[in-house]
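To start, the structure itself, in structure tokens.
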Amino acid sequence: MKLFLKGDRCYTDKCAFERRPYPPGQHGQARLKFSEFALQLREKQKAKRYYGVSEKQFRRYFGVADRLKDMTGAALLKLLETRLDNVVYSLGFANSRREARQLVSHNHIFVNGIRVNVPSFNVKKGDVIEVAQASREMNKVLSSVQAISKRTVPGWLEADYGAFKGTVKDAPNREEVTLPVEENMIVEYYSR
């Protein structure tokens, strides 16, 4: 499945998934019937790679989501969606989540006027995310803001590209998360 991990390249003909839509290797084109465990594992791996987190981080997020009052799968996606690197990407200040992670870790992002360099920082309702004044002239940030027409900003975020700012209007609900994953299979995977 195409997860748009490579930024602008995924919108062109150079995308690896468009060139070869089957797994690599000698047996990549063989028809396979996956077991229930394999399907659950694929869903977990898909979500993990989509957000760019390690197995340890993902398991920790699942543990936190499991302790919340909400449904575990929806709470897990909500926690992953409100990571600072994902919010920077969703606001359109970066072309990919990896690029957004680098912007955050290289001190280019402020949250409520305070410099934050932790990509896993969870934003809350009312937080204001902005690009540092000196970083607004960077080619990567400028090209990302100009190319935002390819993506849409989620409804729970509000972007002001003139001031290089974004505001978290509300917490995301499951309908606003565009990740093509079945979160109930992830819950079943960790519940076995």
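Table for the structure above
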{"quantity": "Qualifying residues in the stretch 145-192 (those that are part of a loop (DSSP other than H, G, I, E, B), touching a helix residue (DSSP H, G or I) at 6+ places or on another chain (Cβ under 6 Å) and not aliphatic (A, V, I, L, M)) - the one nearest to S90 (Cα to Cα)", "calculated": "P154"}
{"quantity": "The lone exception for V141 - which of (1) at pLDDT 90 or above; (2) in contact with a Leu (Cβ under 8 Å, 6 or more places away or on another chain) it fails", "calculated": "(1)"}
{"quantity": "Test set (1) among the hydroxyl-bearing types (S, T, Y); (2) over 21 Å from L179 (Cβ atoms); (3) modelled with pLDDT of 95 or more - S135 fails condition number", "calculated": "(3)"}
{"quantity": "Whichever residue in the stretch 123-144 is among the aliphatic types (A, V, I, L, M) and free of Cβ contacts under 8 Å to residues at least 24 places away in the same chain and, among such residues, is farthest from V88 (Cα to Cα)", "calculated": "A134"}
{"quantity": "Test: residue in the stretch 81-98 that is within 16 Å of N122 (Cβ to Cβ), modelled with pLDDT of 95 or more and surrounded by fewer than 18 Cβ atoms within 10 Å (Cβ to Cβ)", "calculated": "no"}
{"quantity": "Residue identified as within 30 Å of E43 (Cβ to Cβ), surrounded by 15 or more Cβ atoms within 10 Å (Cβ to Cβ) and aliphatic (A, V, I, L, M) among V181, V153", "calculated": "V181"}
{"quantity": "Verdict on K169 being in contact (Cβ under 8 Å) with a residue 12 or more places away in the chain, surrounded by fewer than 18 Cβ atoms within 10 Å (Cβ to Cβ) and touching a Lys or Arg at 6+ places or on another chain (Cβ under 9 Å)", "calculated": "yes"}
{"quantity": "L142 being closer than 28 Å to V187 by Cβ and not in a loop (DSSP other than H, G, I, E, B)", "calculated": "no"}
{"quantity": "Residue in the stretch 104-118 that is in contact with a Ser or Thr (Cβ under 7 Å, 6 or more places away or on another chain) and either in a strand (DSSP E or B) or over 26 Å from Y189 (Cβ atoms) (or both) present", "calculated": "yes"}
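The values are calculated or read from the model by the stated rules, or taken from the named source; none is laboratory data. Please read these numbers as outputs of a predicted model, since none were measured by experiment. Glycine gets a Cβ as well: all are built from the backbone with ideal geometry, and neighbour counts include every protein chain shown.
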